[in-house]
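J.: Okay, here's the structure, questions in a sec.
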Amino acid sequence: MESSCQIPYTSKLLRGDSAMNKWRKYLVLICYFATFQAWGNNLNQDLQHKLDHFRKAYGVPGVVMSISLPTETATRDFTSGVDRIPNGKPVTTHNLFQIGSISKSFTAALILKLEARGLLSLNDTVGDYLPQFKKWHAITIRQLLNHTSGIYDYTLDAKLDHIKNPRYRNTTWSLAELANIAYIHRQQFQPGQDWRYSNTNYILAGMIIETITHRSMAQNIQNYFLDPKLYDLTSTHYISGAYPTSVLSHMAHGYYKNGGEDETYVNLSWAGSAGAIVSTTHDLVKWARVLFHGYVLPAHQLHEMETIISRKGGNWLPTWAHEKGYGLGIGHRYLPGIGSVWSHPGGTTGFSALFMWAEQHDIIVAITANSHDVNIQKINAFGASVLHTVIQHQDEWNRSSLQ
């Protein structure tokens, strides 16, 4: 981007307090901020265009995106589309969306908080807390959180297919009932010998949390994370049942198959501690910033959360590896031109979401969409594209500001 302010000056001219030098200083500052504003406007235009194209390309009713830059106190917010079909209103940053498996970062952080308090160890086993699941007794909590347990994913069972099997849409499931669905299935591999994503792992983690604390997951999430005095996550809710009116009044409607099925009212107890949180892009940005900047967990527990294993075979990976990895409730990948990116996508039968933190640039992106049709690959690719755009504009700004 070319700067419109071309003021020839030298450091010698700007020394001293003469009227001429003061005038030059003010003019330089005015031009600096004018150039900065032009950069910001150009960035916003490019990002809005990308968001509009993304929504239209995948037939999504509405998408919201918030971006946090380290040099700015307020987020940059972008919206496209409507909150419901037909006759919807434009989506806003106040709309609530189901964030699906991004909830796993909360469940993992809760386990790590309990570890920091000395109430459990990641090396403790399922058998230590849930002896009823005998064939899982030797699986460690760490293996649950990094998906190396080999336990079958209960959401693959036909009972949980709310599209083909709508009879369970209004069922309120307990965590134990969800775990029992998985228990009748065969082990996918021996614990610690491979990696495979399984929502059952986080259902069991939730059961362990409830066993230790003698409180429900909803109460624990509220006490540890959602108290307004803690992290200002005032628009985030863990709801493992029917939505109250106070939440529904702010919910965007979520759809399956380009609006063919309205999935907003499906009882989200089926997701439980693996994915029952609803939130906004503003709160997701706040959550990422306090989590990765060390305000949620002590340094040791944050290090454990960011210790990654390969998604290909379950072996340990260094964070500089270019191979995709998974920590405890968060994913990691290396993107050329960006560096380390910590993230997690989320999806339910009517919603899609993503949060990303580009570590070297300290940029956070949060995206929510009211459609199931934006799969993980699509929303991850879009998030990476957004990061590239922001960093490209930053590089242009840096070059122009040095001219």
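The values are calculated or read from the model by the stated rules, or taken from the named source; none is laboratory data. These numbers were taken from a predicted model, which means no experiment stands behind them. Please note: Cβ atoms are built from the backbone with ideal geometry, for glycine as well, and neighbour counts cover all protein chains shown. Side chains are part of the model used for accessible areas, which takes the heavy atoms of the whole protein and leaves out ligands, DNA and RNA. Shrake-Rupley method; radii C 1.70, N 1.55, O 1.52, S 1.80 Å.
J.: If I take every Cα pair under 8 Å that is 6 or more residues apart in segment 170-303, average their sequence separation and divide by the length, what percent do I get for the relative contact order?
T.: Working: 127 pairs, mean separation 38.9, N = 134.
Result for segment 170-303 is 29 percent.
J.: Under a cut-off of 19 Å between alpha-carbon atoms, report the lysines in cross-link reach of K113, not counting same-chain residues fewer than 8 places apart.
T.: Correct list for K113: K104, K229, K286.
J.: Among H147, T280, L119, whose Cα lies farthest out toward the positive end of the dipole of the chain, if unit charges sit on the beta carbon of Lys, Arg (+1) and Asp, Glu (-1)?
T.: T280
J.: Here is a follow-up. Going toward the positive end of the dipole of segment 205-331, with +1 on Lys and Arg Cβ and -1 on Asp and Glu Cβ, which of H250, H214, S310 do you reach last?
T.: S310
J.: What are the radius of gyration and Dmax of the chain, computed over its Cα atoms and given in Å?
T.: Every Cα atom of the chain included, Rg and Dmax give 23.4, 84 Å.
J.: Contour minus end-to-end for N41 and K312, with contour as 0.36 nm per residue of separation and end-to-end as the Cα-Cα distance?
T.: On the way: separation 271, 0.36 × 271 = 97.56 nm, distance 4.16 nm.
Stretched out fully, the N41 to K312 stretch lengthens by 93.4 nm.
J.: Please list Y231, Y202, Y58 in order of solvent-accessible area, largest first, computed with a 1.4 Å probe with all protein chains present.
T.: Ranking Y231, Y202, Y58 by accessible area, largest first, yields Y58, Y231, Y202.
J.: Placing +1 at every Lys and Arg Cβ and -1 at every Asp and Glu Cβ, with all other atoms neutral, what dipole size does the chain have around its Cα centre, in debye to the nearest 20? Intermediate results must be reported in sequence, preceding the final value.
T.: Values: 34 positive and 30 negative charges, 51 e Å.
Dipole of the chain, to the nearest 20 debye: 240 debye.
J.: How much length is gained on full extension from K56 to Q193, taking 0.36 nm per residue of separation minus their Cα-Cα distance?
T.: On the way: separation 137, 0.36 × 137 = 49.32 nm, distance 4.18 nm.
Between K56 and Q193, full extension yields an extra 45.1 nm.
J.: To the nearest Å, what is the center-to-center distance of segment 370-394 and segment 38-86, using C-alpha atoms only?
T.: The two parts, judged by their Cα centres, are 11 Å apart.
J.: Let me ask something else about it. Mind checking which lysines have their C-alpha under 19 Å from K257, skipping anything on the same chain fewer than 8 residues away?
T.: Qualifying lysines at Cα under 19 Å: K56, K164, K378.
J.: So what's segment 110-260 giving for Rg/Rh, alpha carbon basis, Kirkwood Rh from the mean inverse pair distance?
T.: Working: Rg = 17.0 Å, Rh = 17.2 Å.
Here the Rg-to-Rh quotient is 0.99.
J.: Enumerate the residues in segment 237-261 having an amide nitrogen under 20 Å from the point lying 7 Å beyond the Cα of K89 toward its Cβ.
T.: It comes to 237, 243-255, nothing else.
J.: Based on the alpha carbons, how large is the Rg to Rh ratio for segment 231-283 when Rh follows Kirkwood? Kindly include the intermediate steps, with their values, before the conclusion.
T.: Details: Rg = 11.7 Å, Rh = 12.0 Å.
Rg/Rh: 0.97.
J.: How would you classify segment 125-198 from its alpha-carbon gyration tensor, with a ≥ b ≥ c the square roots of the eigenvalues: rounded for a/c under 1.5, else prolate if a/b is greater than b/c, otherwise oblate? Mind showing how you got there, number by number?
T.: On the way: a/c = 2.54, a/b = 1.70, b/c = 1.50.
Prolate shape, in that a/c is at least 1.5 and a/b is the bigger ratio.
J.: Quote to one decimal, in nm, the extra length available between A74 and S249 on full extension: 0.36 nm per residue of separation minus the C-alpha distance between them. Intermediate values should be presented prior to the final figure.
T.: Details: separation 175, 0.36 × 175 = 63.00 nm, distance 2.55 nm.
Answer, rounded to one decimal: 60.4 nm.
J.: To continue, here is another question. Need one number: nm distance between label points at T171 and E323, each 7 Å from Cα along Cα→Cβ, rounded to one decimal.
T.: The two pseudo-label positions are separated by 3.8 nm.
J.: Would you kindly find the accessible area of K257, with a 1.4 Å probe and non-protein molecules such as ligands, DNA and RNA excluded, rounding to the nearest 10 Å²?
T.: Result for K257: roughly 130 Å² accessible.
J.: Please report the accessible area of R311 (heavy atoms, 1.4 Å probe, ligands and nucleic acids excluded) in Å², nearest 10.
T.: Approximately 80 Å² for this residue.
J.: Quickly estimate the mean residue ellipticity at 222 nm for the chain, helices only: each DSSP H run with n ≥ 4 gives -39500 (n - 2.57), and the total goes over all residues, rounded to 500. Please list the in-between numbers first.
T.: Working: 13 runs with 148 residues, N = 403.
Result for the chain, helices only: -11000 deg cm²/dmol.
J.: Please name which of W270, G346, L335 has its Cα lying farthest along the dipole of segment 215-347 towards the positive end, using unit charges on Cβ (Lys, Arg +1; Asp, Glu -1) and the Cα centre as origin.
T.: Working it through, the farthest residue towards the positive pole turns out to be L335.
J.: Let me ask something additional. Calculate one ³J(HN,Hα) per residue across segment 73-82 by plugging θ = phi - 60° into the Karplus curve 6.51 cos²θ - 1.76 cosθ + 1.60, and present them in order as whole Hz with x for glycine and proline.
T.: Rounded to whole hertz, the list is 7, 9, 7, 8, 10, 9, 9, 8, x, 10.
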